[in-house]
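Asks: First the structure, then my questions, so here it is.
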Amino acid sequence: MCGMSFKLQEAPKVHEPVKAKFPVDVKILTQNAKRETVYDIIVLGGGPAALNAAIYGSRAGLSVLVLEKLPATGGFVVNTALVENWLGVESMSGFDLAAKMASHAAKFGAEIKTMTEVVGADLTGKVKKVKTADGSEYFGLTIIIATGTGHAKLGVPGEKEFFSKGISYCAPCDGMFFKGKKIAVVGGGNSAFSEAIFLSRIAKEVVIIHRRDAFRAEQALVNAAKKIQNISYLLNSTVSAFRGDKKLTSLVIKNAKSGKLETIQFEGAFIYVGLVPNTKLLGSGTSETSVGLAGVNVDEKGFIVTDEKMRTNIRGVFAAGDVRATPLRQIVTAASDGAIAAISAQEYIGESGIKEHLSEIKLIKPN
Ligand SMILES: Cc1cc2nc3c(=O)[nH]c(=O)nc-3n(C[C@H](O)[C@H](O)[C@H](O)COP(=O)(O)OP(=O)(O)OC[C@H]3O[C@@H](n4cnc5c(N)ncnc54)[C@H](O)[C@@H]3O)c2cc1C
């Protein structure tokens, strides 16, 4: 389960629906173009939001390119121990579910490129340009940003130093290294609880460290964890530092009420304290400002603001899934967003009339 925020967002600023057809900006396509293909939809990211957008886009008869930076698609699902809330599948490992999603998305003709990190985007023109880490450029009539989130860091001494030396953000990836050991799980949301339950089957002892005495996690998860004997709790407590030599050996814990510091021995720590949007590819904006990245409006935490059709403030640019300002971040909501975004992209392409002008465009290859 993932970190969720139920704080309702203010109604986003949305652009007017496309009313008139507009002329195609030929110049945009002639700048440094290396490729001659203009896709109907380019999806940035390869998680459930992206893959469902690919399915809906392809089935609507559109050409779809999915760009995923990792060697495999699936996003966070790949690294989720067990998924038990995906409709129709009572229980499945995240890895298996992600593999099914990938083959399903490819079945309808979407072109999926893994190991292709998007590092920049020019979203201003009628035809959008996306740059990837290998220096390639791709052109699309529409862009769906579905780059998800990354794990927030605690930002305390030792966190960087002991990453992969006892500190992890992924229980299914690293859990096996802690067989029979005493470990900490930091956080009080769904991710913390579901991964603590998973880790309790491997580790000798799991201690959930949470800054408050109430949890954000679903009650069902809290109840399940409370039945497990080797899970215990350190409440009203925060981690002030990670200590060790070559590997992590202890955590300095601060009591949030008394301020008292205590050093407690742990051989591992899994951190689930929230999510930060993966929007770096859009530019150097900061999440503290609502100044748009590449012109895309974001909220005060940096999540992309859309309307209910997943439209951003830029025409032809959509966002879907966890990267979006949304009250719930789960597989089902990401997939749903992806479907809506693809259908909205189809609607935009039809209404704008941009495709009718495509034959006028001549791509100029660099000398
Ligand atoms: C530990 C944990 C457990 C969870 N368990 C559950 C659960 O049991 N049930 C449930 O419903 N939800 C669960 N969730 C939440 C769920 O996984 C997410 O809500 C969902 O995966 C979001 O999908 P997404 O497509 O928006 O983003 P993601 O799944 O994050 O996918 C985004 C993708 O974009 C890629 N990407 C990022 N930047 C770039 C770039 N610049 N260029 C190219 N690609 C890029 C990433 O590599 C990633 O593959 C869990 C989450 C976590 C962290």
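A short reminder: the numbers here are calculations on the coordinates, not readings from a lab. What you see is a predicted model; the values in this text were computed from it and never measured. Cβ coordinates were reconstructed from backbone atoms using ideal geometry, including for glycine residues, and neighbour counts include every protein chain displayed.
Asks: Among the residues of region 93-119, which ones are on the phi < 0 side of the Ramachandran plot and within 10 Å of the ligand (Cβ to nearest atom)? Full working, then the answer.
Replies: Let us first name the residues in region 93-119 that are on the phi < 0 side of the Ramachandran plot, namely 93-108, 110-114, 116-119.
The answer is G94, L97, A98, M101, K113, T114, T116, E117, V118, V119.
Asks: Let me ask something else about it. Output the residues belonging to region 245-280 that are touching a residue at least 24 places away in the same chain (Cβ under 8 Å) and on the phi > 0 side of the Ramachandran plot.
Replies: Matches in region 245-280: G274 only.
Asks: Could you check how many residues of region 178-188 are in contact with a helix residue (DSSP H, G or I) (Cβ under 9 Å, 6 or more places away or on another chain), surrounded by fewer than 24 Cβ atoms within 10 Å (Cβ to Cβ) and farther than 13 Å from G166 by Cβ?
Replies: Qualifying residue count for the region: 0.
Asks: For region 231-238, indicate whether the set of residues that are among the small types (G, A, S) and in contact (Cβ under 8 Å) with a residue 40 or more places away in the chain is non-empty. Let's see the steps before the verdict.
Replies: Initially, region 231-238 is screened for residues among the small types (G, A, S), giving 232, 237.
With in contact (Cβ under 8 Å) with a residue 40 or more places away in the chain added as a condition, the list becomes none.
Within region 231-238, none of the residues are among the small types (G, A, S) and in contact (Cβ under 8 Å) with a residue 40 or more places away in the chain.
Asks: Right, here's the next one. Condition first: within 12 Å of the ligand (Cβ to nearest atom), more than 20 Å from G150 (Cβ to Cβ) and surrounded by 20 or more Cβ atoms within 10 Å (Cβ to Cβ). Now tell me which residues in region 303-334 satisfy that.
Replies: Residue satisfying the conditions is M310 alone.
Asks: Of everything in region 48-77 that's more than 13 Å from the chain's Cα centre (by Cα) and among the small types (G, A, S), which residue is surrounded by the fewest Cβ atoms within 10 Å (Cβ to Cβ)? If you could, list the steps in order and put the result at the bottom.
Replies: First, pick out the residues of region 48-77 that are more than 13 Å from the chain's Cα centre (by Cα): 52-67, 71-72.
Narrowing the set further to residues that are among the small types (G, A, S) leaves 53-54, 57-58, 60-61, 63, 72.
Numbers: A53: 34, A54: 33, G57: 31, S58: 22, A60: 18, G61: 10, S63: 17, A72: 14.
Within region 48-77, the match that is surrounded by the fewest Cβ atoms within 10 Å (Cβ to Cβ) is G61.
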